[in-house]
Amino acid sequence: MPTWALSLVFWLHLLATVLWIGGLGALSLLVLPAARRNLSLEKQVALLDAIQRRLDPLAWFSLAVLVMTGLFQMSANPNYQGFLVIRGSWAVAILLKHIFVGGMVVVGAFQTWGVLPALRRAILLQQAQGRTDDLGALHRRQEVLLQLNLLLAVIVLALTALARAS
Ligand code: HEM
């Protein structure tokens, strides 16, 4: 693969990493703690919903870019010996990386198609009838899933560093 093409692929892989993992990090470590200290539950839920309406599609877009560029990077890497040929620490690190990326996809899917729709229904119920039954529990579940995905992302980066050093 010509150097300009591999550079472009790595650049896109790193950009997608910064957008997705950076967004998860800023939300979990900066926004949520500050919102918890300064806003009512209803306002916290409204703020996080507004942020998720942007972060959620961005995360799925970043994942698509990471998978496409990652496959190119893998095929261009001298350590790569073929599909599911797991020999040497590089291949083991990349395989484990894929497993943890898979974990991030499962958590993301639960968030996008499970918790977020339920939370939006609870917000409508709260606005229409002032009832906040599930709002607190759903909001907490969303926070936990965001933090879990950040933890998985940190492990993905550690495995990437291991692959780079191999
Ligand atoms: C959450 C998902 C992912 C994140 C955060 C991520 C992040 C990164 C980062 C930061 C690098 C290091 C680039 C460098 O040091 O030059 C990298 C390299 C790499 N990534 Fe990913 N990546 C992800 C998903 C994937 C996927 C799905 C694949 C494969 C399909 C993949 C394959 C690779 C390969 C082959 C390398 C080069 C490793 C090496 O140079 O030895 N990545 N990734």
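The values are calculated or read from the model by the stated rules, or taken from the named source; none is laboratory data. Not measured: the values here are computed from a predicted model. For neighbour counting, all protein chains shown are included, and Cβ atoms are generated from backbone atoms with ideal geometry for every residue, glycine included. Heavy atoms of the whole protein, side chains included, go into the accessibility calculation; ligands, DNA and RNA do not. Shrake-Rupley method; radii C 1.70, N 1.55, O 1.52, S 1.80 Å.
If you go through region 35-65 one residue at a time, how many are of a type in the set (Gly, Ala, Ser) and exposed (fewer than 12 other Cβ atoms within 10 Å of the Cβ)?
So the answer is 3.
Which residues, counting only those in region 82-106, are more than 8 Å from the ligand (Cβ to nearest atom), under 28 Å from Trp4 (Cβ atoms) and open to solvent by 80 Å² or more (accessible area, probe 1.4 Å)?
Phe83
As an exercise: evaluate His13 against (1) over 19 Å from the mean Cα position of the chain (by Cα); (2) farther than 26 Å from Leu135 by Cα and give the number of the one condition it does not meet.
(1)
So which residues in region 8-26 are open to solvent by less than 50 Å² (accessible area, probe 1.4 Å) and without any contact (Cβ under 8 Å) to a residue 40 or more places away in the chain?
Gly22, Gly23, Ala26
(1) surrounded by 14 or more Cβ atoms within 10 Å (Cβ to Cβ); (2) part of a helix (DSSP H, G or I): which one isn't true of Asn79, the others all being true?
(2)
Could we say that Leu29 is open to solvent by 40 Å² or more (accessible area, probe 1.4 Å), within 16 Å of the ligand (Cβ to nearest atom) and assigned to a helix (DSSP H, G or I) here?
no
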